[in-house]
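Enquirer: Below is one structure. I have some questions about it.
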Amino acid sequence: MSHLTDLETILTWEGSIDNERIRQLLDVKTVWASRLMGELTTRMGDRARRASAHAPLEFIGRSNNRYSPDEYLRVISHHDDKALIEQIEDARVDLSPIHLAIFSASFSAAKTGWGIKIVYRSMTSPSGRESIVFPHSIVRAPRRWHMRAWCEERKSFRDFTLGRISSIEAVDTPAPYTKIDDVEWNQILELVIVAHPDLSVEQQEMIAAEYFPGTTAKRLRVRQCLASYVIQDLRLAIDPVTQLPPEYQLLVSNVDKLPNLFVSNF
């Protein structure tokens, strides 16, 4: 099933697939490629067609929202290094590499509900400060990995960047509070995103067509504690007076109805 899902992703984003492409992707013999092509053709139904029994399978679906471009990138990263070299360039940079031991210990604590003792660096304590925290979730923010955790010192739920943890060890203490107690995690905000009003009408129409075609606004539902990451990553203006084009082309139009989104963690 996973092979068929990967092949459907390739077909959806490349527009067509044939037996040779299947052999290249999965390193299988001709007979297996033909069998997989038959199964894929059945799976696609009226979303794809072949002009003949030996022709490529062509994607004719109206929507490709089922699999994202990132899913396509994941598939070719796994199966097709040549395409990554010759046709696809991933210019995203992860500036905060994570040590395996730190990630696995954080994940284990979030899964089991037990605590961890960390030495955490921050702008106020750049050399690091020891804290006992109780994570409930690991978060892949746009440019960095975080964990959401109850901080024993601050007596509140906080965000901790995994790249700023210099040491970590398990603590034989269960979490005093869990995910269900994290109000800012469970509170969902709706960000209404529009083209910046200081753009010309033509520029606003262009921006709308690029980011939310067919409508004049995009509504994003995000967790309250993660909203600031989304706003920073998408470079969304929250003050139309001081945050102006061309640096800011998108605006959160309902910011006056939202809580303070930029509460700093230590």
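The values are calculated or read from the model by the stated rules, or taken from the named source; none is laboratory data. What you see is a predicted model, and the numbers here were worked out from it, not measured in a lab. Reconstructed Cβ throughout: ideal geometry from the backbone, glycine too, with neighbour counts over all protein chains shown. The protein model used for the area step is the full one, side chains on, heavy atoms only, and it has no ligands, DNA or RNA in it. Shrake-Rupley method; radii C 1.70, N 1.55, O 1.52, S 1.80 Å.
Enquirer: Look through VAL133, VAL171, VAL139 and report the one residue that is closer than 22 Å to LYS111 by Cβ, aliphatic (A, V, I, L, M) and open to solvent by less than 10 Å² (accessible area, probe 1.4 Å). Explain how you work it out, then say what you get.
Expert: Numbers: VAL171 fails: open to solvent by less than 10 Å² (accessible area, probe 1.4 Å); VAL139 fails: open to solvent by less than 10 Å² (accessible area, probe 1.4 Å).
Testing whether each residue is closer than 22 Å to LYS111 by Cβ, aliphatic (A, V, I, L, M) and open to solvent by less than 10 Å² (accessible area, probe 1.4 Å) leaves just VAL133.
Enquirer: Same structure, new question: If the requirement is being under 30 Å from PRO142 (Cβ atoms), free of Cβ contacts under 8 Å to residues at least 24 places away in the same chain, exposed (fewer than 14 other Cβ atoms within 10 Å of the Cβ) and out of contact with any helix residue (DSSP H, G or I) (no Cβ under 7 Å at 6 or more places or on another chain), which of these qualifies: ASP46, ASP81? Lay out the reasoning, then the answer.
Expert: Details: ASP46 fails: under 30 Å from PRO142 (Cβ atoms).
On inspection, the qualifying residue turns out to be ASP81.
Enquirer: Could you go through the stretch 177-194 and let me know if any residue there is farther than 29 Å from LYS117 by Cβ, in a loop (DSSP other than H, G, I, E, B) and open to solvent by less than 80 Å² (accessible area, probe 1.4 Å).
Expert: no
Enquirer: Please work out which one of (1) touching a helix residue (DSSP H, G or I) at 6+ places or on another chain (Cβ under 7 Å); (2) of a type in the set (D, E, K, R); (3) assigned to a strand (DSSP E or B) is the condition LYS117 fails and give its number.
Expert: (1) is the only condition that LYS117 fails.
Enquirer: Looking at GLU210, GLU190, GLU202, can you tell me which residue is acidic (Asp, Glu), over 30 Å from SER108 (Cβ atoms) and touching a Lys or Arg at 6+ places or on another chain (Cβ under 7 Å)?
Expert: Result: GLU190 is the single residue among GLU210, GLU190, GLU202 that is acidic (Asp, Glu), over 30 Å from SER108 (Cβ atoms) and touching a Lys or Arg at 6+ places or on another chain (Cβ under 7 Å).
Enquirer: In this structure, is PHE103 of a type outside the set (Lys, Arg) and either surrounded by 16 or more Cβ atoms within 10 Å (Cβ to Cβ) or at pLDDT below 90 (or both)? Talk me through it step by step, then tell me what you get.
Expert: On the way: of a type outside the set (Lys, Arg): yes; either surrounded by 16 or more Cβ atoms within 10 Å (Cβ to Cβ) or at pLDDT below 90 (or both): yes.
Yes; evaluated as a whole, the condition is true for this residue.
Enquirer: Could you run through the stretch 219-229 and say how many residues are within 20 Å of GLN243 (Cα to Cα) and either in contact (Cβ under 8 Å) with a residue 60 or more places away in the chain or surrounded by fewer than 16 Cβ atoms within 10 Å (Cβ to Cβ) (or both)?
Expert: Qualifying residue count for the region: 1.
Yes/no per residue for (1) more than 23 Å from VAL230 (Cβ to Cβ); (2) among the β-branched types (Val, Ile, Thr); (3) touching a residue at least 40 places away in the same chain (Cβ under 8 Å); (4) outside any loop (DSSP other than H, G, I, E, B):
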residue: VAL139; (1), (2), (3), (4): no, yes, yes, yes
residue: ARG143; (1), (2), (3), (4): no, no, yes, no
residue: MET147; (1), (2), (3), (4): no, no, yes, yes
residue: ARG158; (1), (2), (3), (4): no, no, yes, yes
residue: SER166; (1), (2), (3), (4): yes, no, yes, yes
residue: THR173; (1), (2), (3), (4): yes, yes, yes, yes
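Enquirer: Any residue in the stretch 106-126 that is closer than 13 Å to ARG158 by Cβ and open to solvent by less than 40 Å² (accessible area, probe 1.4 Å) sitting within a Cβ distance under 8 Å of a residue that is assigned to a strand (DSSP E or B) and aromatic (Phe, Trp, Tyr)? List the pairs, counting only those 6 or more apart or interchain.
Expert: From the stretch 106-126, the pairs are ILE118/PHE160; TYR120/PHE160.
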